Amino acid sequence: MQVPREIHLSIIETGDLSINELKSLSFTCRHFAHICLAEIWKSRKFIENASLTKFRDTLSNNPLISYGDFIIKIQVDELDKTPQISIDAELIKFFAQKCGNLKELMLRFSQKKRKNRASLLPFELLGDRLINLSMVAYHHLDDYDDYDAHDEQEENEKNGEIKITELSSLVNGGQQIIKQMYNYYYKPKVEFHDALSETVKLEFRDALSEIVKLGNVKSIRLYCPRMTEKVWECFTRNAADSLQAIRITLNSSTIIVRDPSIIVSLFGKYCKNLRTFDIDTFNIRISKESTLLMLENCKKLETLDISASSEIAPLLYKSQSINSLYLSYPQEGNDLNQIKEMMENLTRLSFLKIDGKCNLSFLENFPNLDYLSIGDFAKLNDDGFLNISKSKITELILIKTPQISDEALGMLSSMPTLIKFNIRDRLPNVTQKGWINLVKRPAGFPSWRVITIDDGRLISPEFFKILDHSHHNLESLRIRGFSYDNLLKDDSFNNLKFKEAWFYCKKKSTIPVIRWPIKYKAKRPPNVREAYDGYEGGY
């Protein structure tokens, strides 16, 4: 007990101990008990009701040790596994009562019809402790589908009333009979509306909006949410001052808002303290006006991933805080050529696709750019690579750039800063000379650190010899697409550090891929699953 707690903590942090070893160690003394229990219990994941029931029983029936105080992260999935979990109000209340230090919560709601509406759950009970919140298939359609149906029914009643009036004017003495028939078949039945539904209709409530009111939740991820514009506005208003990061993934089957630009505008209008904004709109373009509103109003925004119109390109300078930008909608080369203003803050830039001609001369306006990724740019030629070579980037990723040539690879090799290169396309214009150009860097230039090539058909043994002898700082190499019976033979790798990776590739890979260093697949320890179960030991 006289040993400082820091010694116990360092043993746990550096020991790489399994769950069973941590359990055994926790019985040796109180210091180890507290540290080991915190490690064992810090994260829980539930995908079926049996483990969740065991967890709830353990936390409820151990009065001497508050296991719930060790829990930092919980994930609950309403999957089709039996017995199925139901994320309901009682479960949220249990977490609020037993898990006082819970910081991160991820909920995956079933996309089938649920008994418990997600938008009515008491998330506000966790609002005083949660920092990160993730939800899959969160569903809130204002007053719900049943009220939309009720409104439609009222409209039908109105139309029915008109038809009855017209009909009764034609039939003498039949008006009373027709109205009686109408009252029997069309009037809404009071017993179909329970007290809870009436309360919801009178008072709008959204669980997601309630949890952010206290201002503790800083980061939120929403995967495939079904939320109307009214719900989005309520959420962004309540999260205005506190929210720092939001990631949204929409898809065609769940999106309710007619134009995702509306969602972007709401965040730009209300959430001015955002640092990270990431929205995936399944290839629906975000308007220039909505993106500009975010650039101008969110003065602290650092990371932006958005499918914005290329019309926004010349206006990117409006933000002096963004350091990472991903434009996930095809950009027109002519619009990119209009970029004239400097952005000294930008360090990472990614494009999904560039259409038309563009020589990338705008890169000179980003003097501190460190990372460049281009997804699909069919017309990227040597002029574009010349402008890339003038930049100071250290990492370049090219997905689909079929016009790359031997000369272009030579330009990249002559960049004094570039140390990471990744190209993932078939390259009809590259020969053996081009790959030698890439690795035969000028004297005094840095060693390659990472090289990834997806078309290795013409890579020769000399390529590997130069890498081995001249690039001592190489950390990772991956080459695919070569043929075993082409240029490379077993004796090509004699006395090279890649020899083991070559033979491992021939033995293990169905698709020829050289990976160096070899990453052996570790066997999953049998006791890892116990991390999600209740702790069996007692004191």
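At a glance:
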quantity: Qualifying positions in the range 26-57 - open to solvent by less than 20 Å² (accessible area, probe 1.4 Å), of a type outside the set (G, A, S) and under 24 Å from Q84 (Cβ atoms); calculated: R44, F46, L52, F55
quantity: Any pair with Cβ under 6 angstrom, 6 or more apart, that starts in the range 233-260 at a residue that is modelled with pLDDT under 95 and ends at one that is of a type in the set (F, W, Y) and surrounded by 17 or more Cβ atoms within 10 Å (Cβ to Cβ); calculated: A240/Y270
quantity: All positions within the range 421-439 that are open to solvent by 70 Å² or more (accessible area, probe 1.4 Å) and farther than 13 Å from E407 by Cα; calculated: R424, R426, P428
quantity: When residues of the range 302-316 are limited to those that are more than 20 Å from the chain's Cα centre (by Cα) and not hydroxyl-bearing (S, T, Y), the one most open to solvent (accessible area, probe 1.4 Å); calculated: E311
quantity: I87, sole failed condition from (1) under 24 Å from I131 (Cβ atoms); (2) out of contact with any strand residue (DSSP E or B) (no Cβ under 9 Å at 6 or more places or on another chain); calculated: (2)
quantity: Test: V264 is assigned to a loop (DSSP other than H, G, I, E, B), within 22 Å of L327 (Cα to Cα) and either modelled with pLDDT under 95 or open to solvent by less than 50 Å² (accessible area, probe 1.4 Å) (or both); calculated: no
quantity: The range 229-261 - residue that is among the polar types (S, T, N, Q) and crowded, with 16+ Cβ neighbours inside 10 Å and, of those, nearest to E302 (Cα to Cα); calculated: Q244
quantity: Test: residue in the range 466-485 that is at positive phi and modelled with pLDDT of 90 or more; calculated: no
quantity: Single unsatisfied condition, G215 versus (1) on the phi > 0 side of the Ramachandran plot; (2) modelled with pLDDT of 95 or more; calculated: (2)
quantity: Odd one out for I71, checked against (1) farther than 23 Å from R117 by Cα; (2) at pLDDT below 90; calculated: (2)
quantity: Per-region count, the range 283-301, residues within 18 Å of A240 (Cβ to Cβ) and open to solvent by 30 Å² or more (accessible area, probe 1.4 Å); calculated: 5
quantity: Near pairs, Cβ below 7 angstrom, 6+ apart or cross-chain, from the range 403-429 (assigned by the TED database to the domain that holds I451 and basic (K, R)) to any residue that is assigned to a loop (DSSP other than H, G, I, E, B) and open to solvent by less than 50 Å² (accessible area, probe 1.4 Å); calculated: K420/T394; R424/D454; R426/P402; R426/D455
quantity: Single residue of the range 88-123 satisfying the filter (open to solvent by 40 Å² or more (accessible area, probe 1.4 Å) and assigned to a strand (DSSP E or B)) that is farthest from L222 (Cα to Cα); calculated: E104
quantity: Boolean, L37 is of a type outside the set (S, T, N, Q), part of a helix (DSSP H, G or I) and touching a residue at least 60 places away in the same chain (Cβ under 8 Å); calculated: yes
quantity: Filter result for V3 (open to solvent by 40 Å² or more (accessible area, probe 1.4 Å) and either at pLDDT below 90 or of a type in the set (A, V, I, L, M) (or both)); calculated: yes
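Condition check ((1) within 36 Å of the chain's Cα centre (by Cα); (2) closer than 21 Å to E395 by Cβ) across all residues:
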| position | (1), (2) |
| --- | --- |
| K433 | no, no |
| G456 | yes, yes |
| F464 | no, no |
| N473 | yes, yes |
| L477 | yes, yes |
| L487 | no, no |
| A501 | yes, no |
| R515 | yes, yes |
| K519 | yes, yes |
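Here's the yes/no breakdown for (1) more than 30 Å from N334 (Cβ to Cβ); (2) in a strand (DSSP E or B); (3) out of contact with any Cys (no Cβ under 8 Å at 6 or more places or on another chain); (4) modelled with pLDDT of 95 or more:
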residue: F385; (1), (2), (3), (4): no, no, yes, yes
residue: G410; (1), (2), (3), (4): no, no, yes, yes
residue: L418; (1), (2), (3), (4): no, no, yes, yes
residue: S447; (1), (2), (3), (4): yes, no, yes, yes
residue: I451; (1), (2), (3), (4): yes, yes, yes, yes
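The values are calculated or read from the model by the stated rules, or taken from the named source; none is laboratory data. Remember, predicted model here, so these are calculated numbers, not experimental data. Cβ: placed from backbone, ideal geometry, glycine included. Neighbour counts: every protein chain shown. SASA here: full protein model, heavy atoms, side chains in, ligands and nucleic acids out. Shrake-Rupley method; radii C 1.70, N 1.55, O 1.52, S 1.80 Å.
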